[in-house]
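Here is the structure we will look at, set down as structure tokens.
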Amino acid sequence: AYAELMMCLPPDWPLNEEGSGELEVYWPVELLKFLARFPHEYETWFAESHTVPNGESFEHYASNTDFCAITFANPKTAPAEFAQLQIAENKVINFLAVIPLYLTEIKLALKEGSEPLFELLEANVVTEVLDLNRKNLVKKRFGLF
């Protein structure tokens, strides 16, 4: 019933007062804000392996990235006990990592389910640390898309 979303920015990410208005710098923060409102606006919920496209036409989040969707995963950069926080007897907060996806990656998940995508993410050690240079894990040449 309760979740917190997280994405880690690399230490050299230029997030500061000067660059905070530039979409190329600020899009991860805007994305987290959008995702935080989403369950309330659409009366839904998020869990591991759920996907969310950036609009119906899978728009890139900014001009400096081809990422156009996300999936949720268990956090990989924090200790295992970080995944849940019990704040009351009947209230547990689950932490979900936000993993940006390329178009072919989300199409794989939509076509074949999340398991093949998560196998690729795991095999390639993809974490919640944003990497604008991460290679696309689903090649168009396989004829999938």
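The values are calculated or read from the model by the stated rules, or taken from the named source; none is laboratory data. Keep in mind it's a predicted model, so treat the numbers as computed, not measured. Heads up, the Cβs are rebuilt from the backbone with ideal geometry, glycines too, and the neighbour counts pull from every protein chain shown. Surface accessibility is based on the protein's heavy atoms, side chains included, excluding ligands, DNA and RNA. Shrake-Rupley method; radii C 1.70, N 1.55, O 1.52, S 1.80 Å.
Please verify whether E128 is of a type outside the set (G, A, S) and open to solvent by 50 Å² or more (accessible area, probe 1.4 Å), treating the condition exactly as stated.
no
Within region 14-26, identify whether any single residue is of a type in the set (A, V, I, L, M, F, W, C), modelled with pLDDT under 95, touching a Leu at 6+ places or on another chain (Cβ under 8 Å) and under 30 Å from A88 (Cα atoms), and answer yes or no.
no
Scan region 36-45 and tell me whether some residue there is touching a helix residue (DSSP H, G or I) at 6+ places or on another chain (Cβ under 8 Å), exposed (fewer than 14 other Cβ atoms within 10 Å of the Cβ) and not polar (S, T, N, Q).
yes
Look at N136 and say whether it is more than 15 Å from the chain's Cα centre (by Cα) and either open to solvent by 20 Å² or more (accessible area, probe 1.4 Å) or modelled with pLDDT of 95 or more (or both).
When the stated conditions are applied, N136 does not pass them.
What number of residues within region 106-115 are assigned to a loop (DSSP other than H, G, I, E, B) and touching a residue at least 24 places away in the same chain (Cβ under 8 Å)?
Residues in region 106-115 being assigned to a loop (DSSP other than H, G, I, E, B) and touching a residue at least 24 places away in the same chain (Cβ under 8 Å): 0 in total.
Would you call N16 out of contact with any helix residue (DSSP H, G or I) (no Cβ under 6 Å at 6 or more places or on another chain), of a type in the set (S, T, N, Q) and surrounded by 13 or more Cβ atoms within 10 Å (Cβ to Cβ)?
no
So which residues in region 72-119 are open to solvent by 50 Å² or more (accessible area, probe 1.4 Å) and over 20 Å from L5 (Cβ atoms), if there are any at all?
Across region 72-119, the qualifying residues are E89, N90, L103, K107, L110, K111, E112, E115, E119.
Can you find even one residue in region 89-105 that is assigned to a helix (DSSP H, G or I) and of a type in the set (G, A, S)?
no
For region 29-68, which positions are in contact with a Cys (Cβ under 9 Å, 6 or more places away or on another chain) and touching a residue at least 40 places away in the same chain (Cβ under 8 Å)?
P53, F58
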